[in-house]
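The values are calculated or read from the model by the stated rules, or taken from the named source; none is laboratory data. Treat the numbers as computed from the prediction; the structure is a model and nothing was measured. Here the Cβ positions follow ideal geometry from the backbone for every residue, glycine too, while neighbour counts run over all protein chains shown. Side chains included, ligands, DNA and RNA excluded: accessible areas come from the protein's heavy atoms. Shrake-Rupley method; radii C 1.70, N 1.55, O 1.52, S 1.80 Å.
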Amino acid sequence: MRLARILLGIVLIAGAGFFGFQMTGSFLAAAPEPGPGSGPGSGAPQALRVMTEPVEELDFAETVEAVGTTRARRSVELRPTTSGRVETLSFAPGDEVTAGTVLLRLEDASEQAALKAAEATLAEAQAAFDRQERLQASGSASEAAFDSARATLLRAEAERDMAAAELDDMVLRAPFDGVVGFTDLAEGQLVDSADPVTSLDDLALVEVAFSVPERVMGRVRLGQTVSLISAAWPDRVFAGSISAMDTRVDPATRSVALRAEVDNSDRALKPGMFIEVTLVLSERRAAAVPERALTVSGEQSYIHVVRDGRAARVDVVAGQSMGSRIEVSGDLEPGTLVITSNLHRISDGASVDPIAPQQAQVATP
């Protein structure tokens with residue numbers, strides 16, 4: 001009984017298979033013959049949708065970077081010319097002074113007295129000389145007496161000048177316009193000519209000392225532009241220009257020392273500051289494309305552009321980067337659409353449907 005059921009199942013399965021085979025053949029026989037425009041592979045291929053961005057012209061600069069130190073254009077440590085006791089200090093640290101401003105005065109009572117005595121002696125000598133000059137004119141004085149009076153007058157004038165110079169030495173003046181620094185002196189203190197009084201820095205212009213490799217020395221010239229950044233002013237870029245170049249190359253570092261001048265009318269920079277320097281060697285305007293559009297294969301670099309609805313390969317030479325763009329040179333015109341997506345599916349001459357990035361953002365994925 002069990003064997004009979006098994007045989008019946010086999011017969012039913014075989015019959016169903018035969019019936020299905022016959023029905024499939026009937027359907028195929030009844031189907032129409034495929035025409036020349038039907039079928040998935042017989043029609044024209046659809047254009048590949050790609051994102052594009054235009055070629056831009058940007059300003060590129062070839063630069064060299066260095067580190068430098070700020071220096072005052074003129075800087076001096078002031079000391080008194082002579083010894084004495086401080087009578088007055090006429091400045092405070094940080095004061096801006098002009099040339100000739102009195103900064104320090106020493107007690108000068110004895111020098112004042114010496115000058116008055118010298119002036120009195122000079123007055124007597126002048127009167128004696130004038131008398132001998134009148135007598136000489138009338139023929140009543142000898143030549144020897146006249147010469148003696150003139151020599152006495154000259155000595156009196158020299159003594160007066162020496163007394164005036166010694167009195168002037170009791171005063172310390174600013175030799176040029178600038179900013180004075182700290183002082184450790186106090187009124188009434190005894191000072192010697194070797195004791196420092198204060199520093200004086202001319203900060204209207206600041207110099208930046210830095211060095212560049214000797215390989216770029218031939219491309220550096222006076223007046224060349226430099227950009228400067230200080231940690232004290234991270235959001236500010238200072239502009240300067242090359243003012244001097246050393247006549248020698250340092251054999252230890254193979255670099256040449258430069259000086260750049262920076263306008264410092266707001267006194268933002270102080271001597272001794274650390275500065276990051278960017279020296280502009282050359283500037284140019286060149287075509288730029290998105291970096292993601294560039295394909296590198298071995299030693300060759302190329303991009304694909306849209307021309308007459310088709311992708312066209314353009315060999316380029318890559319240059320300097322600027323943000324997300326890269327400088328390229330090749331057969332390109334500003335405004336040419338560069339393909340930036342589906343690069344792995346693009347081939348030279350392929351039909352493409354270009355869309356702008358903003359259109360791609362609203363397109364259905």
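A few points about this structure:
- Scanning segment 335-365 for residues that are out of contact with any Lys or Arg (no Cβ under 6 Å at 6 or more places or on another chain), open to solvent by 80 Å² or more (accessible area, probe 1.4 Å) and at pLDDT 85 or above returns H344, R345.
- Members of segment 140-161 that are open to solvent by less than 70 Å² (accessible area, probe 1.4 Å), of a type in the set (S, T, N, Q) and over 30 Å from A113 (Cα atoms): S142
- Residue match in segment 192-205 (condition: among the small types (G, A, S), surrounded by fewer than 15 Cβ atoms within 10 Å (Cβ to Cβ) and in contact (Cβ under 8 Å) with a residue 60 or more places away in the chain): yes
- All positions within segment 166-188 that are more than 22 Å from A72 (Cα to Cα), touching a residue at least 40 places away in the same chain (Cβ under 8 Å) and open to solvent by 70 Å² or more (accessible area, probe 1.4 Å): E166, E187
- Beta carbons closer than 6 Å, at least 6 apart along the sequence or on distinct chains, pair a first residue in segment 314-340 that is under 10 Å from V289 (Cβ atoms) and charged (D, E, K, R) with a second that is at pLDDT below 90 and in a strand (DSSP E or B) for E327/F60; E327/A286; E327/G319; E327/Q320.
- Taken together, the criteria place T81 among residues that are over 40 Å from the mean Cα position of the chain (by Cα) and surrounded by fewer than 15 Cβ atoms within 10 Å (Cβ to Cβ).
- Any hit, segment 301-311, residues being polar (S, T, N, Q), open to solvent by 60 Å² or more (accessible area, probe 1.4 Å) and without any contact (Cβ under 8 Å) to a residue 60 or more places away in the chain: no
- Of A114, A144, A118, all but one fail to be in a helix (DSSP H, G or I) and at pLDDT below 90; the exception is A144.
- Selection from segment 236-254 of residues that are free of Cβ contacts under 8 Å to residues at least 12 places away in the same chain and either in contact with a His (Cβ under 8 Å, 6 or more places away or on another chain) or under 20 Å from R267 (Cα atoms) (or both): V237
- Restricting A99, A137, A128 to those that are open to solvent by 30 Å² or more (accessible area, probe 1.4 Å) and assigned to a loop (DSSP other than H, G, I, E, B) reduces the list to A99.
- Flag if E283 is touching a Leu at 6+ places or on another chain (Cβ under 9 Å), open to solvent by 20 Å² or more (accessible area, probe 1.4 Å) and closer than 21 Å to E65 by Cβ: no
- Count - residues of segment 224-233 that are small (G, A, S) and within 15 Å of V206 (Cα to Cα): 2
- From the options R85, R73, residue that is basic (K, R), in a strand (DSSP E or B) and farther than 25 Å from A164 by Cα: R73
- Checklist (1) free of Cβ contacts under 8 Å to residues at least 60 places away in the same chain; (2) farther than 21 Å from P196 by Cβ applied to S90, failing item: (2)
- For segment 220-229, the count of residues that are closer than 16 Å to A72 by Cβ and within 16 Å of the chain's Cα centre (by Cα) is at least one.
- Residues located in segment 261-277, provided they are open to solvent by 40 Å² or more (accessible area, probe 1.4 Å) and on the phi < 0 side of the Ramachandran plot: E261, D263, S265, D266, K270, P271, F274, E276
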